[in-house]
Amino acid sequence: MSSSVKQRYREVVNSNGRVYRIGETDRDILGRSRMWMVWLPWIAMMAISSSEYAFTSAEGTLTAAHNWHDSQIFWLMAVWIIFQGGIAFPAGRWRETGKLSARAAMLLGAAGALLGYVSLAYAPSVLWAYVGFGFFGGTGAGLVYATCVNIVGKWYPERKGGKTGFVNGGFAYGSVPFIFLFTTYLDLSNYRGVLLAVGLFLAGVVAATGFFIKDPPKNWWPAEIDPLATSDDPRIRRSLEKNPPAVKQFTPTEAIKTGVLPLMWFCLLCTAGVNIFGIAFQVPFGKEMGFAGGVVALSMSLKAIINGTGRGVIGWISDRHGRRTTLVVVCIVLGLAQFAVYFSGSLGNMPLFLLASMVSGFGGGAIFPLFAAMTADYFGENNNATNYGLVYSSKILTGVLGAGFGSMVVGAWGYGAAFMIAGCIGIGCGLLALLLRQPQLSDRGIAALSDTDRPGQPIGG
């Protein structure tokens with residue numbers, strides 16, 4: 001960083017001892033508006049979403065082309081999810097220790113996405129698909145996801161809910177064109193060419209956007225907002241009142257010791273498992289209930305659209321009404337939607353099936369930006385990539401819980417039991433979310449702040 005930029009900032013400390021780096025504008029650091037750090041991650045998130053949300057739309061063709069069984073398809077998705085969620089914590093750690101830049105993470109993610117699609121097209125056996133799509137594709141998507149979601153909260157620490165939700169939403173509705181492509185066009189005569197073309201296109205988009213993504217300095221706070229005073233902007237004032245900044249920058253160890261982070265991990269595990277269950281089984285359930293392929297594709301597309309747009313909307317709502325209150329409502333809605341999907345499908349009622357699918361998509365998508373923003377609210381932005389990586393690592397098990405275990409329940413007891421269990425899990429998580437509280441500091445805790453929270457020598461004025 002040049003000396004001219006260094007002279008622009010100073011560090012101030014609030015009553016809890018939390019440090020804020022103020023004085024630098026986004027243009028001082030980036031050379032452009034910080035909105036670029038919303039639009040670029042959003043585009044990249046749209047590009048990687050097809051691997052999760054459109055995958056089951058291609059299952060029929062993949063099964064016929066490679067002679068894979070349905071259970072192998074579901075476990076292939078589960079392996080992808082394990083590595084997509086599992087890379088979040090180590091990637092966050094590498095990024096925050098300077099071993100992995102945002103740009104490098106995005107370029108590696110682009111390479112992984114390409115290898116994932118190539119393996120689906122050319123894998124000689126399902127084992128190679130597990131390696132190519134599951135490991136490389138999942139890891140690549142996880143690198144992109146972790147980088148894009150966490151960087152938004154760093155650039156918008158004063159109003160992170162809506163922006164985080166908007167970027168997170170790209171991970172769902174970006175898949176819509178590919179849902180229709182894989183459902184209506186992909187077949188045995190063209191699947192290799194189509195999958196290769198899609199992989200090259202999506203990898204190119206991720207690489208192009210990732211080249212310009214950059215983190216702000218540690219403790220950075222927007223220059224135009226005084227972190228020690230009440231803002232005159234009613235939107236910012238309300239957001240900070242409902243979701244006050246973390247009392248300090250918690251390290252991962254400190255965050256775990258509060259007991260709040262493990263509870264967040266468990267709640268995300270269960271709710272994300274319900275979401276994955278819906279993604280994995282809505283298409284085959286709709287077909288078994290007699291709905292035409294176009295209707296099933298439409299239901300999945302509507303689910304993805306509402307899943308994505310709901311993330312942005314719910315982030316904005318949580319800025320106004322508080323993360324925890326919003327999370328409780330979302331979990332209950334997600335649970336009730338599972339009952340609605342099953343009963344509307346069993347009755348053969350297409351309009352209700354589509355509506356229930358949209359509500360399920362809304363609830364399933366909204367949980368992710370809420371937990372991402374809540375992690376920063378509770379534990380601070382400096383270590384958010386690692387802390388949210390810990391919370392998001394619960395997704396390692398959601399593939400097993402939602403897709404793998406869901407497949408076992410459907411096979412043993414049928415769709416009815418599976419949807420009932422999923423619904424009860426969602427409602428139960430709403431009750432657990434009532435226990436979430438922002439960690440506070442005692443006087444002794446303030447005196448024992450970690451080194452990362454102690455102010456440095458102020459520079460400039």
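A short reminder: the numbers here are calculations on the coordinates, not readings from a lab. On a predicted model such as this, the values are computed, not experimentally measured, just so you know. Cβ placement follows ideal geometry from the backbone for every residue including glycine, while neighbour counts extend to all protein chains displayed.
Quick notes
- Sorted by Cβ neighbour density within 10 Å, fewest at the top, the residues 420, 289: 420, 289
- In percent, rounded to a whole number, the relative contact order of region 1-145 is 23, using alpha-carbon pairs under 8 Å and six or more apart.
- Normalised contact order of the chain, rounded percent, pairs of Cα under 8 Å and 6 or more residues apart: 27
- Listed by number, the DSSP H helices of the chain that run 15 Å or longer by alpha-carbon position along their axis and have mean Kyte hydropathy of at least 1.6 are 36-48, 191-210, 415-433.
- Unit charges on C-beta of K, R, D, E only; dipole of region 88-225, Debye: 380
- The three principal axes of the C-alpha atoms in region 112-189 carry coordinate ranges of 51, 27, 13 Å, sorted with the longest axis first.
- Packing-based exposure ordering (other Cβ within 10 Å, fewest first) of 148, 267, 331, 424: 424, 267, 331, 148
- The packing ranking of peptides 273-282, 192-201, highest mean first, is 273-282, 192-201, where packing means the average number of other beta carbon atoms within 10 angstrom of each residue.
- Which of 61, 344, 227, positive extreme of dipole for the chain (C-beta unit charges): 227
- Note on region 242-295: percent of Cα-Cα distances in each 10 Å bin, starting at 0 and stopping at the bin with the largest distance, equals 19, 27, 22, 15, 15, 3.
- Among 248, 218, a tally of other beta-carbon atoms within 10 Å of each Cβ gives an order, fewest to most, of 218, 248.
- Over region 180-332, Cα pairs under 8 Å with separation of 6+ residues give a relative contact order of 34 percent.
- Rounded to the nearest 20 debye, dipole of the chain from Cβ charges on Lys, Arg, Asp, Glu: 800
- Anisotropy class of region 202-265 from Cα gyration tensor, a/c 1.5 cut: oblate
- Given the choices (1) 2.00; (2) 0.97; (3) 1.02, Cα Rg over 2.2 N^0.38 Å derived from the coordinates of this structure is entry (2).
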